[in-house]
Amino acid sequence: MSSPDPQVRAARNRSDRPARGPVVAVTGAASGVGALLTERLAASEDIKQVLAIDERRGACEDAQWHILDVRDPAIAEKLRGADVVVHLALDLDLETDAAARTAYNVRGTQTVLTAAAASGVRRVVLCTSAMVYGALPDNELPLSEDAELRATAEATGVGDLLEIERLARRAPRAHPGLNVTVVRPAVLVGGGTDTALTRYFESPRLLVVAGSRPAWQFCHVEDLCSALEYAVVEKAEGELAVGCDGWLEQEEVEELSGIRRMELPSAVALGAAARLHRIGLTPSPAGDLAYTMYPWVVSGSRLHAAGWRPSYTNEEVLEELLGEVSGRHTVAGRRLGRKDATAAGAAGATVALLGAAAVVRRARKARRRI
């Protein structure tokens, strides 16, 4: 006997849901955090229905799927009847063309906010990053949610996230009655997350810039999903920072990971990173390095006041991250194939890449002297 159509199955499952629970739409629902949140909300007794939106169908059979690009104005019709929208359709891939990434992220967020307001949605939950606070030597430890956003657009995707933050602040004025909550996770780990900060732990040596004061705070994807659920059911609102309690000093990270450091002067490290990115040898701009140099730890006080607590510690998340990246070899943000790593040796590749930057610099100086 054939199983019922997935949409029929979803409708049957919804018949047992509370009549007063919210209808929640999730964009980017087929993969990553979006897929995890969709499954979580679909299983929650506090949610009446989940509308899953993505460019392809995901695995959750208890959601009602709509297949389309979030930049398509037709999304307004798909959001009709939803009480809350969680917008997670963002492209922060290191390998994506920067202009294309920005076009997708900013236009997608603009479209979702406008469509939500037009469809009568009362709350939109956006997810950016605690990176928007900026990594600066004079940052307080920890930062409150109300701390000034002092990041610049120099790190991967941070310019997009800052623009999304601006859209979030303007939306309630442009669309009266629309409530916007922004969730800002610390270094995100789990579910296949791949960022410049997770790749940092794929290196044969942990690059430490002389005179810097890094402080590491992680956020497990499951904790992010539980924080997003708090926002969905209105247990917390406004600007919400989320992460593990406290932080780890660089020395603690090195001891826990068993990875030794490679310390470089600031001018050498930043200069090499900028040159390597400019000539296309690495995907990470020099701005990414700041987030491994200075603290950007958040308190999460608003979520804590609402009763939320992380399920993971920084030590536990770091251990999971090390397990996920085991066997990978990355140098200056560039992931090496097994053949490359075996032939040159990961440490040798570090020297080679830094040497390449030095060669470029010397060549330019020579041209200027001619």
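The values are calculated or read from the model by the stated rules, or taken from the named source; none is laboratory data. No experiment lies behind these values; they were computed from the predicted model shown. Glycine also receives a Cβ, built like all others from the backbone with ideal geometry; neighbour counts cover every protein chain displayed. Accessible surface areas use protein heavy atoms only, side chains included; no ligands, DNA or RNA. Shrake-Rupley method; radii C 1.70, N 1.55, O 1.52, S 1.80 Å.
The criterion of at least 2 residues that are open to solvent by less than 10 Å² (accessible area, probe 1.4 Å) and modelled with pLDDT of 95 or more is met by the following strands (runs of 3 or more DSSP E) wholly inside segment 1-91: 23-27, 49-54, 84-87. Listed conditions (1) assigned to a loop (DSSP other than H, G, I, E, B); (2) modelled with pLDDT of 95 or more are all met by ALA168, apart from (1). If the condition is being closer than 21 Å to VAL132 by Cβ and surrounded by 15 or more Cβ atoms within 10 Å (Cβ to Cβ), then segment 233-245 contributes ALA236, GLU237, GLU239, LEU240, ALA241, VAL242, GLY243, CYS244. Which ones in segment 290-327 are open to solvent by less than 30 Å² (accessible area, probe 1.4 Å) and of a type in the set (A, V, I, L, M)? ALA290, MET293, VAL297, VAL298, LEU303, VAL317, LEU318, LEU321, VAL325, listed by residue number. Within segment 100-154, track down each residue that is in a strand (DSSP E or B) and either open to solvent by 50 Å² or more (accessible area, probe 1.4 Å) or not charged (D, E, K, R) (or both). Scanning segment 100-154 gives VAL124, VAL125, LEU126, CYS127, LEU143.
Only one of the numbered conditions (1) surrounded by fewer than 17 Cβ atoms within 10 Å (Cβ to Cβ); (2) at pLDDT below 95; (3) over 30 Å from PRO285 (Cβ atoms) is violated by ASP97, and that is (3). Within the set ARG122, ARG101, the sole residue that is in contact with a helix residue (DSSP H, G or I) (Cβ under 7 Å, 6 or more places away or on another chain), touching a residue at least 12 places away in the same chain (Cβ under 8 Å), basic (Lys, Arg) and under 22 Å from ALA29 (Cβ atoms) turns out to be ARG101. Please verify whether SER284 is among the hydroxyl-bearing types (Ser, Thr, Tyr), more than 29 Å from GLU39 (Cβ to Cβ) and without any contact (Cβ under 8 Å) to a residue 60 or more places away in the chain, treating the condition exactly as stated. Here the answer is no, as SER284 does not meet what is asked.
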